[in-house]
1. Taking the condition farther than 26 Å from Arg415 by Cα and surrounded by 12 or more Cβ atoms within 10 Å (Cβ to Cβ), does Phe358 pass?
2. With respect to Gln403, determine if the residue is open to solvent by 80 Å² or more (accessible area, probe 1.4 Å), outside any loop (DSSP other than H, G, I, E, B) and in contact with a Gly (Cβ under 9 Å, 6 or more places away or on another chain).
3. Looking at region 233-251, is at least one residue touching a residue at least 60 places away in the same chain (Cβ under 8 Å) and within 26 Å of Asp451 (Cα to Cα)?
4. Tyr449 fails exactly one of the following numbered conditions: (1) open to solvent by 20 Å² or more (accessible area, probe 1.4 Å); (2) closer than 20 Å to Arg386 by Cβ; (3) of a type in the set (Phe, Trp, Tyr). What is the number of that condition?
5. Pick from Tyr163, Tyr201: which is in contact with a Lys or Arg (Cβ under 9 Å, 6 or more places away or on another chain) and of a type outside the set (A, V, I, L, M)?
6. Go through region 395-409 residue by residue and tally those that are modelled with pLDDT under 85 and of a type in the set (A, V, I, L, M, F, W, C).
7. If you scan region 352-378, which residues turn out to be closer than 20 Å to Val294 by Cα and of a type in the set (Lys, Arg)?
Amino acid sequence: MTIDGKIGACWIAGSPDLTAELAEPQTINRIVFSSDRSGAAMSNYKATFLAEYKLEVSTDGKTWQEVASSHNRKPVSSSHRRKRFYDLEVTVEERSQLNEFNKQIRHVDQQLAAIPDPPSWWVGNHSQVNGPFHIFVGGNPQRKGETVVPASLTTLNNVTAGYQLKADSPQGQRRLELARWIVSQDNPLTPRVLANRLWYYHFGTGIVSTPSDFGYMGTKPSHPELLDWLALQIQKNGWRLKDIQKQIMLSETYQQASSFREDAARIDSDSRLLWRFPPRRLTGEEIRDTLLSVTGKLNLKMGGPGFRLYEYLQDNVATYVPLEEFGPETYRRAVYHQNARAARVDLLTDFDCPDNAFAAPRRNTTTTPLQALTLMNHQFTLDLSRFLAERLRQESGAEHVDQQIDRAFQLLYSRSPQAEEQQAARALIAASDLEALCRAMINSNELIYLD
């Protein structure tokens, strides 16, 4: 067994001999030779079938006895037959001459490889596409409808000045006019959409809760005057976002607490009127990075190659298998995670990370039992519970239980424990161990919710 049975990697022999050592004597009645089926493992090598072979057995590793060979086997292919004829007819002088030729070829190949690549250019002609252009009825290019010319959306002509170009206008002019129309001073849609996105990023819900739909199918703004004022501020600031974000974050609305008030909740249970700061759960990526940070394992390296939380396999079709064991190479920030459209990462997907195959202007926030089970039993969180316990022992001392509890609350909750929490934590450590306390705190709502 010289491979692991997986397609996509192979074992390359360093010599023509292979020795397989068994723990105890075995009876073997058949040996099967196989090459890489898909060819994925042979990117630098040519997959070949083992044709000539000799099998020997030994009980002491010193004295070997031949039990089978290929000398009395039929050729496996026509090329194998030609190879046997060649070995029978070729002389020692001819084989030596062939080896010399191969040596010269390898030397020339090395010289060619040492030559730097010449400079290269993308060479082509930019030619105007000739019209006229038609609407394809039903999407069928054989059924041509009305002719169209470069122009703005006529739907918005009542609120902003549109434009229309000649059918033979060059590509550069078309792009420039479209860009000017998008950021035109009298175009109300662009700054309002941008202001609404900024508000959504800060508060979890936009003034218009459907950030990609301001039409009849979208929702009405909760504060229309505020949205208009923010849009005007963006235009006045020359489309710079730093100033408007500073205004939002310095406002009393953004800085208010998220304390619950029963009288206000009866009228506005979702806090759409912002009578408190809306509590928000961390996203899947934020939860993962937070867990790595509090355990001291987060790798803050900037740039460089990313990492994967899945194993890529190829056997007829591409398969993405979530990792079951996580090494230090995966302890980087989630922004460096190299994801695939068909891949499903347990922790991220369970906490509403959008499907990579579709655009997601707004993330959904769900509460499911699978989320609690993932934080409780996933191998990733089990590893981090152990790492957190090790960090607490190192920073607070292995025998100072109260200091370990205080440090845990400071790391995970940014506060000191209350008396009853201190007592409950001490009882849990006594009944189990420090790792159990870390596991329980990782599963708490206070860690993954911004309140």
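The values are calculated or read from the model by the stated rules, or taken from the named source; none is laboratory data. Note that the coordinates shown come from a computational prediction; the quantities given were computed from them, not determined experimentally. Ideal geometry is used to build each Cβ from the backbone, glycine not excepted, and the neighbour counts take in all protein chains shown. What goes into the accessible areas is simple: the full protein's heavy atoms, side chains included, and nothing from ligands, DNA or RNA. Shrake-Rupley method; radii C 1.70, N 1.55, O 1.52, S 1.80 Å.
1. no
2. When the stated conditions are applied, Gln403 passes them.
3. Scanning region 233-251, I find no residue that is touching a residue at least 60 places away in the same chain (Cβ under 8 Å) and within 26 Å of Asp451 (Cα to Cα), so the answer is no.
4. Going through the list (1) open to solvent by 20 Å² or more (accessible area, probe 1.4 Å); (2) closer than 20 Å to Arg386 by Cβ; (3) of a type in the set (Phe, Trp, Tyr), Tyr449 breaks only (2).
5. Tyr163 is the lone residue from the list that is in contact with a Lys or Arg (Cβ under 9 Å, 6 or more places away or on another chain) and of a type outside the set (A, V, I, L, M).
6. Within region 395-409, residues that are modelled with pLDDT under 85 and of a type in the set (A, V, I, L, M, F, W, C) number 1.
7. Hits for region 352-378: nothing passes.
Residue-wise test of (1) touching a residue at least 24 places away in the same chain (Cβ under 8 Å); (2) surrounded by 10 or more Cβ atoms within 10 Å (Cβ to Cβ); (3) closer than 22 Å to Gln164 by Cβ.
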| site | (1), (2), (3) |
| --- | --- |
| Ala113 | no, no, no |
| Pro116 | no, no, no |
| Ser120 | no, no, no |
| Val123 | no, no, no |
| Gln128 | yes, no, yes |
| Phe136 | no, yes, yes |
| Val148 | no, yes, yes |
